[in-house]
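Heads up: the structure comes next, in structure tokens.
The values are calculated or read from the model by the stated rules, or taken from the named source; none is laboratory data. Predicted, not measured: the structure shown is a model, and the values here were computed from it. Positions of Cβ are generated from backbone atoms using ideal geometry, with glycine treated the same way; all protein chains shown enter the neighbour counts. Only protein heavy atoms, including side chains, enter the accessible area calculation; ligands, DNA and RNA are left aside. Shrake-Rupley method; radii C 1.70, N 1.55, O 1.52, S 1.80 Å.
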Amino acid sequence: MNPELAKTLQSMVEAAFARQSQLQLLNLPAAFVPGNAYDLMVRVYDPEPLRLAWGFELTVLDAGAQQAGDLVVLDPVETQLSDNAGTAADFIKHTFGGTHEGSPGPTTWPIRWIAPNLPSVTFYLAGNAANDSEDPAGDYIYTTAAVLNQASTATDPGSWGKIKALYAGD
């Protein structure tokens, strides 16, 4: 990487942390159960007073970078789904009305995720804190990722013996 570009990127990262900006995926469970629906909340915040428009995009992928589970729009005024064919990644994101133009933030968007029957998934989330100038200069993009594993199901090691005992007299 170009040393000047690396220095610029590093200063942008340091500035973002100094501003105490936040990109969060709230209500994420510690582990998921296949088929269960999880109501999540995306939250973007930047304390700089010139942040007056907001956005996000989220996808959930398996280890092979394929769609993992189903994303569901809960608020069609503020969120939309880019529903791609087959196992290609789907993305849920803000609509134009969901930018909360003129709002100083923080801003949130509700979404639903229906868990797949996979060992683990990764949530990829990007958030935008914009200055509402219609120009990307001065806007801040934040990213985060979270790995979630399927919940383990406890089994009684004596279960098979108990079942056999039910039929032992036959």
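A compact table of results
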quantity	calculated
FRET efficiency for Leu28 and Glu48, using Cβ-Cβ distance with R0 set to 30 Å, rounded to 0.05	0.70
Share of carbon and sulfur in the accessible heavy-atom surface of region 24-121 [1.4 Å probe, %]	56
Backbone N under 20 Å from the Thr122 label point (7 Å along Cα→Cβ), restricted to region 38-66	57-66
Within region 74-113: backbone nitrogen closer than 18 Å to the Glu134 label point (7 Å, Cα to C-beta)	96-103
Estimated inter-spin distance, Leu74 and Thr108, nm [label 7 Å along Cα→Cβ]	0.9
